[in-house]
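Trainee: Sharing a structure here in structure tokens format.
Computed from the coordinates by the stated procedures, all read-outs in this text should not be read as laboratory data. These numbers come from a predicted model, not from an experiment. Ideal geometry is used to build each Cβ from the backbone, glycine not excepted, and the neighbour counts take in all protein chains shown.
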Amino acid sequence: MGLSDVPPDLLRRARALLGDAPRALLGITGVPGAGKTTLAEELVAALNAETPGQAVHVPMDGYHLADSVLEAHGTRARKGAAETFDGWGYVELLRLLRTCPAHPVFAPGFDRDLEQPLAGAIEVPASARLVVSEGNYLLLDAPPWSHVRELVDEVWFCEADPQRRTAALIGRHVTFGKEPEAARSWVAAVDEPNAALVAATRERADLVVRTY
């Protein structure tokens with residue numbers, strides 16, 4: 001899916017979320033490797049090509065806990081699981097974006113090369129009318145994640161071919177430094193259990209999007 005390939009019905013649906021409200025929030029979720037980030041980035045780019053600055057991508061990945069914290073809690077080997085994120089902090093960011101649209105908000109980002117969160121890396125200016133936030137756990141039915149649904153206007157669930165998704169995940173881990181065998185082991189031991197948890201939330205989505 002490229003910029004010109006964003007389905008027109010998705011663009012129309014995203015535009016319709018705005019209505020007369022000063023800001024709308026769209027969540028995009030799905031299992032690891034399903035194309036959430038690609039869809040979010042390309043949707044935001046397409047909307048901003050129409051009206052510059054109207055949409056901003058704010059990924060949940062900025063709320064990854066730092067490796068030092070994961071090591072202190074003994075969870076670094078499960079990095080990417082729900083408990084390895086600051087879920088409460090993410091919920092409060094969404095609440096701030098929802099309730100204070102007239103003020104700029106600075107959200108954390110995530111550096112893929114460092115594999116670490118970066119505080120204040122993403123500016124959401126007051127002019128941004130649509131915030132697109134993507135992550136694995138937006139539809140989990142347990143706190144803090146269960147609060148996400150009340151703070152966003154819609155949640156879309158990305159669905160992908162399982163074999164292609166697994167191959168993409170392994171390739172991503174190799175790209176960011178893992179040896180191929182270590183990447184396959186990580187996908188089997190960490191990503192796939194997370195995927196099973198996320199897949200069970202599919203029915204709570206407002207829309208299912210086939211990504212590849």
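Trainee: Considering each residue of region 20-46, count those that are in contact with a Ser or Thr (Cβ under 9 Å, 6 or more places away or on another chain), in a loop (DSSP other than H, G, I, E, B) and among the β-branched types (Val, Ile, Thr), and give that number.
Mentor: Residues in region 20-46 being in contact with a Ser or Thr (Cβ under 9 Å, 6 or more places away or on another chain), in a loop (DSSP other than H, G, I, E, B) and among the β-branched types (Val, Ile, Thr): 0 in total.
Trainee: Could you tell me whether Ala121 is in a loop (DSSP other than H, G, I, E, B), in contact with a strand residue (DSSP E or B) (Cβ under 6 Å, 6 or more places away or on another chain) and farther than 23 Å from Ser146 by Cβ? So that I can check it myself, show each step before the final result.
Mentor: Numbers: in a loop (DSSP other than H, G, I, E, B): no; in contact with a strand residue (DSSP E or B) (Cβ under 6 Å, 6 or more places away or on another chain): yes; farther than 23 Å from Ser146 by Cβ: yes.
It is false that Ala121 is in a loop (DSSP other than H, G, I, E, B), in contact with a strand residue (DSSP E or B) (Cβ under 6 Å, 6 or more places away or on another chain) and farther than 23 Å from Ser146 by Cβ.
Trainee: While we're on this one: Out of region 47-71, which residues are out of contact with any strand residue (DSSP E or B) (no Cβ under 9 Å at 6 or more places or on another chain) and in a helix (DSSP H, G or I)? Talk me through it step by step, then tell me what you get.
Mentor: We begin by selecting, within region 47-71, every residue out of contact with any strand residue (DSSP E or B) (no Cβ under 9 Å at 6 or more places or on another chain); these are 49-53, 68-69, 71.
Within region 47-71, Ala49, Glu50, Ser68, Val69, Glu71 meet the criteria.
Residue-wise test of (1) over 28 Å from Asp9 (Cα atoms); (2) more than 15 Å from the chain's Cα centre (by Cα); (3) not aromatic (Phe, Trp, Tyr).
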{"site": "Leu93", "(1), (2), (3)": "yes, no, yes"}
{"site": "Leu96", "(1), (2), (3)": "yes, yes, yes"}
{"site": "Ala121", "(1), (2), (3)": "yes, yes, yes"}
{"site": "Ala128", "(1), (2), (3)": "no, yes, yes"}
{"site": "Val131", "(1), (2), (3)": "no, no, yes"}
{"site": "Ala142", "(1), (2), (3)": "yes, yes, yes"}
{"site": "Glu150", "(1), (2), (3)": "no, yes, yes"}
{"site": "Leu169", "(1), (2), (3)": "no, yes, yes"}
{"site": "Arg172", "(1), (2), (3)": "yes, yes, yes"}
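Trainee: Which condition breaks for Tyr212 when tested against (1) of a type outside the set (Gly, Ala, Ser); (2) touching a residue at least 40 places away in the same chain (Cβ under 8 Å); (3) surrounded by 18 or more Cβ atoms within 10 Å (Cβ to Cβ)?
Mentor: (3)
Trainee: Please enumerate the residues belonging to region 76-126 that are surrounded by 13 or more Cβ atoms within 10 Å (Cβ to Cβ) and β-branched (Val, Ile, Thr).
Mentor: Passing the criteria: Thr84, Val91, Val105, Ile122, Val124.
Trainee: To continue, here is another question. Considering each residue of region 72-114, count those that are touching a residue at least 12 places away in the same chain (Cβ under 8 Å), in a helix (DSSP H, G or I), within 16 Å of Val58 (Cα to Cα) and of a type in the set (A, V, I, L, M, F, W, C), and give that number.
Mentor: First, pick out the residues of region 72-114 that are touching a residue at least 12 places away in the same chain (Cβ under 8 Å): 77-82, 84-91, 93-95, 97-98, 101-110, 112-113.
Within this subset, residues satisfying the condition of being in a helix (DSSP H, G or I) are 77-78, 82, 84, 87-91, 93-95, 97-98.
In the following step, the residues that additionally are within 16 Å of Val58 (Cα to Cα) were identified as 87-91, 93-95, 97-98.
Next, from what is left, pick out any that are of a type in the set (A, V, I, L, M, F, W, C): 88, 91, 93-94, 97.
Total meeting the criteria: 5.
Trainee: Which of the numbered conditions does Glu41 fail, given that it passes all the others? Conditions: (1) within 28 Å of His173 (Cα to Cα); (2) without any contact (Cβ under 8 Å) to a residue 24 or more places away in the chain; (3) over 13 Å from the mean Cα position of the chain (by Cα).
Mentor: Condition not satisfied by Glu41: (3).
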